[in-house]
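Engineer: Let me give you the structure first, and then I'll get to my questions.
The values are calculated or read from the model by the stated rules, or taken from the named source; none is laboratory data. Note that the coordinates shown come from a computational prediction; the quantities given were computed from them, not determined experimentally. Virtual Cβ from ideal backbone geometry, glycine too; neighbours counted across all protein chains shown.
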Amino acid sequence: MTDTFDSAGLTETADPADAMRVEAYGPGEPGGLGPDDDKVRNASLWSDAWIQCRRRPLFWVCLFIIAVLVTAAVFPGLFTSKDPRECSLRNSLLTPSSEHWFGTDLQGCDYYARTVYGARVSISVGLLVTFIATFVAIVGGSIAGFYGGISDSIIGRITDIWFAIPTVLGGIVLLTVLEDRFDRNVITVSVVLAVFAWTTMLRLVRSSVLAVKEADFVDAARALGASNFRIITRHILPNAITPVIVYATITVGVIIAAEATFSFLGVGLRLPSISWGLMIAGADDRIRTFPHLLLFPGAVLSITVFAFILLGDVLRDALDPKLR
């Protein structure tokens with residue numbers, strides 16, 4: 001239902017923050033706002049960002065790479081007809097050829113098929129960890145930034161303590177402790193990585209909320225009786241979420257690299273799981289004689305990480321007018 005204005009002010013369906021501004025300027029005067037002003041403002045921001053992104057070739061390159069990787073993770077059969085677990089010792093350590101594009105590994109498994117299927121683990125871990133970390137950061141950062149006081153102090157001190165724990169060392173210790181009770185699968189590794197991935201993002205959310213909550217439209221909404229939940233979800237977060245989106249995009253690439261690091265060190269995923277980190281770990285003592293064991297999974301991993309990081313840089317430039 002569309003909100004309407006009458007001579008006395010605002011009808012019951014209109015937003016309180018908009019009512020204050022309409023009362024000051026009038027709905028038909030310059031500076032006056034219609035009932036859908038928040039939607040127009042947000043739509044203008046995203047449409048302007050889209051215009052900036054689509055003009056940059058780097059955006060389309062990154063988007064194409066990520067689209068191919070996601071498709072390979074969801075539908076690996078579109079890229080290879082070979083079974084990555086169908087191995088033969090007769091084909092052990094073959095070099096790249098027309099039959100085996102990336103060669104084979106020590107067990108005689110097709111290396112190209114394993115590389116394609118390895119995208120599923122890496123993309124799944126990256127997206128799952130980023131989703132968990134973003135949710136925790138938005139909730140915690142919004143509470144700390146909006147309410148302040150004791151809530152801000154408690155959340156801030158917990159965040160400081162987590163910052164003091166080295167991510168790699170903390171992940172190794174936690175995965176080792178959980179080894180006896182839980183299998184090292186995608187869920188376990190994702191949860192452990194998420195435990196250490198939310199701190200920087202939470203501080204980013206908190207700082208954005210602190211900046212936005214001082215705006216006039218937030219004061220107007222509060223003065224006219226809007227609830228705190230409505231103020232946070234309808235007025236503050238839509239105007240504070242853009243830095244989080246940029247950082248979350250970069251975080252996906254960082255998490256994919258972290259999962260590969262844990263698997264390479266032997267504390268992440270285990271065989272028979274198929275992971276780029278496990279493939280790189282298997283090439284550790286054969287790099288000089290069979291460089292293809294490191295080259296192909298390492299190259300795909302690097303391209304994936306760079307694609308997400310560069311996409312985050314493009315989004316940052318598009319969403320922040322000061323950087324244009």
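A quick yes/no check of all residues on (1) at pLDDT below 90; (2) within 29 Å of Gly126 (Cβ to Cβ); (3) within 17 Å of the chain's Cα centre (by Cα):
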| site | (1), (2), (3) |
| --- | --- |
| Ile165 | yes, yes, no |
| Thr176 | yes, yes, no |
| Phe182 | yes, yes, no |
| Leu193 | no, yes, yes |
| Leu202 | no, yes, yes |
| Ala226 | yes, no, no |
| Phe229 | yes, no, no |
| Ile232 | yes, yes, no |
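Engineer: For region 120-154, which residues satisfy the criterion of being over 22 Å from the mean Cα position of the chain (by Cα) and in a helix (DSSP H, G or I)?
Structural biologist: Scanning region 120-154 gives Phe146, Tyr147, Gly149, Ile150, Ser151, Asp152, Ser153, Ile154.
Engineer: Further, regarding this structure: (1) under 25 Å from the mean Cα position of the chain (by Cα); (2) surrounded by 22 or more Cβ atoms within 10 Å (Cβ to Cβ): which one isn't true of Ala221, the others all being true?
Structural biologist: (1)
Engineer: Here's another thing I want to ask about it. With Ser47, Ser97 as the choices, which residue is among the hydroxyl-bearing types (Ser, Thr, Tyr), surrounded by fewer than 12 Cβ atoms within 10 Å (Cβ to Cβ) and closer than 30 Å to Asn239 by Cβ?
Structural biologist: Testing whether each residue is among the hydroxyl-bearing types (Ser, Thr, Tyr), surrounded by fewer than 12 Cβ atoms within 10 Å (Cβ to Cβ) and closer than 30 Å to Asn239 by Cβ leaves just Ser47.
Engineer: Consider Leu315 carefully, then state whether it is under 13 Å from the mean Cα position of the chain (by Cα) and more than 30 Å from Asp183 (Cβ to Cβ). Please lay out each step first, then the result.
Structural biologist: Numbers: under 13 Å from the mean Cα position of the chain (by Cα): yes; more than 30 Å from Asp183 (Cβ to Cβ): yes.
So Leu315 passes the test.
Engineer: Give the residue that is farthest from Ile256 (Cα to Cα), with candidates limited to residues of region 197-239 that are assigned to a helix (DSSP H, G or I) and among the aromatic types (Phe, Trp, Tyr).
Structural biologist: Phe217
Engineer: Tell me whether region 257-274 contains one or more residues that are buried (at least 21 other Cβ atoms within 10 Å of the Cβ), of a type outside the set (Phe, Trp, Tyr), assigned to a loop (DSSP other than H, G, I, E, B) and in contact with a Pro (Cβ under 9 Å, 6 or more places away or on another chain).
Structural biologist: yes
Engineer: Going by the conditions given, is Asp183 part of a loop (DSSP other than H, G, I, E, B) and closer than 30 Å to Val267 by Cβ?
Structural biologist: The answer is yes for Asp183.
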